[in-house]
Amino acid sequence: RLQEQEQGVQLILAETAMTPDLKTSLEGVKSPLVERVEAVQVGEDLLLRVQLAEAARDGAVDLRSRRAHDPIRDLHAYSLDLVPADGGVAAVEKARAALARISSSDVNGCARRFDETLRGELDGESLARALSPRGAFTDPYLRAAMKRLGEVSGGKVVLLDGSELRTSVPLELAAATSQAAQVKGYLAVLRSFAQELEPGQPDPVLRSLVAPEIDPARFEEVLAEARASERRCSG
């Protein structure tokens, strides 16, 4: 059940238990639109209080919820999207400009070392879930990021198994997007995208895209290791 409040929203997830890892992960959430999240166990239900940042209040965003079920893993997902009230027109233009500023040097050379290390430090299944298209508001951005990766990489992207896909071909772009966790350089392009999109808070943005399931502190650790690997390559 979703209830809108003066400074945010309150969400009640029925028959949902809170684990220590979940509590830490939820309460570590912060982004340009979300100030903080408080999680409280109320009997068999989980109560989430989401305090929106000032930029997201006073009708600046619309709240859209989605439910999904993964029958293979018997996983139920409830997603809450914060969509700009104008339908995202300004956000789309901002994202396009951010992607246009990404160059070949952002995804090749030692940037690939960052990409490889970060992928190696993250859980493969969690990464695949985060990057797979799921009808979220961020899907078009992730697809556009994949297309930009191809544009700055000779018109194609390369998967971990060595296969190549041309991002100028819609069918192959869709295939690459559906296997984004396996595309070399994709995490590097998302890092640059986050830096260009939100220079003041790039790390929370990157975490929201590639590792929303893990503890923010743990993500900072793996991010630091990826950056250290990139520096060793450069130096």
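The values are calculated or read from the model by the stated rules, or taken from the named source; none is laboratory data. Values in this document were obtained by computation on a predicted structure and should not be read as measured data. With ideal geometry, Cβ positions are generated from the backbone for all residues, glycine too; neighbour counts draw on all protein chains shown. Each accessible area value is taken on the protein alone, full model and side chains, heavy atoms only, with ligands, DNA and RNA left out. Shrake-Rupley method; radii C 1.70, N 1.55, O 1.52, S 1.80 Å.
Averaged per residue, the chain has 53 square angstrom of accessible surface, using a 1.4 angstrom probe with ligands and nucleic acids left out.
Per residue, the convex hull spanned by the Cα atoms of the chain amounts to 130 cubic angstrom.
Using C-alpha pairs below 8 Å separated by at least 6 residues, the relative contact order for the chain is 19 percent. Give me the angle, in degrees from 0 to 90, between the Cα long axis of helix 216-234 and the longest principal axis of the Cα atoms of the chain, rounded to the nearest 10. Rounded to the nearest ten degrees, it is 10.
Heavy-atom accessible area, probed at 1.4 angstrom with all protein chains present, ranks Val157, Val42 as Val42, Val157, highest first. Note on Lys156: accessible area approximately 80 square angstrom, rounded to 10, probe 1.4 Å, nucleic acids and ligands left out. Across all directions, the shadow cast by the convex hull of the range 1-51 built on its C-alpha atoms averages 3.4 square nanometres. Selection among Ala144, Val50, Val158 by position relative to the dipole of the chain gives Val158 as farthest towards the positive end (Cβ unit charges, Cα centre). Considering only Gln7, Ala188, Ala17, and ranking their Cα positions along the charge dipole of the chain that arises from unit charges at the beta-carbon of Lys, Arg, Asp and Glu, the one farthest toward the positive end is Ala188. Peptide packing: for 170-177, 14-21, the average count of neighbouring Cβ atoms within 10 Å per residue gives the ranking 170-177, 14-21, highest mean first. Dipole magnitude for the chain: computed about the Cα centre from +1 point charges on Lys and Arg Cβ and -1 point charges on Asp and Glu Cβ, it is near 820 debye. Expressed as a whole percent, the accessible surface of the chain that belongs to carbon and sulfur atoms is 51, based on a 1.4 Å probe.
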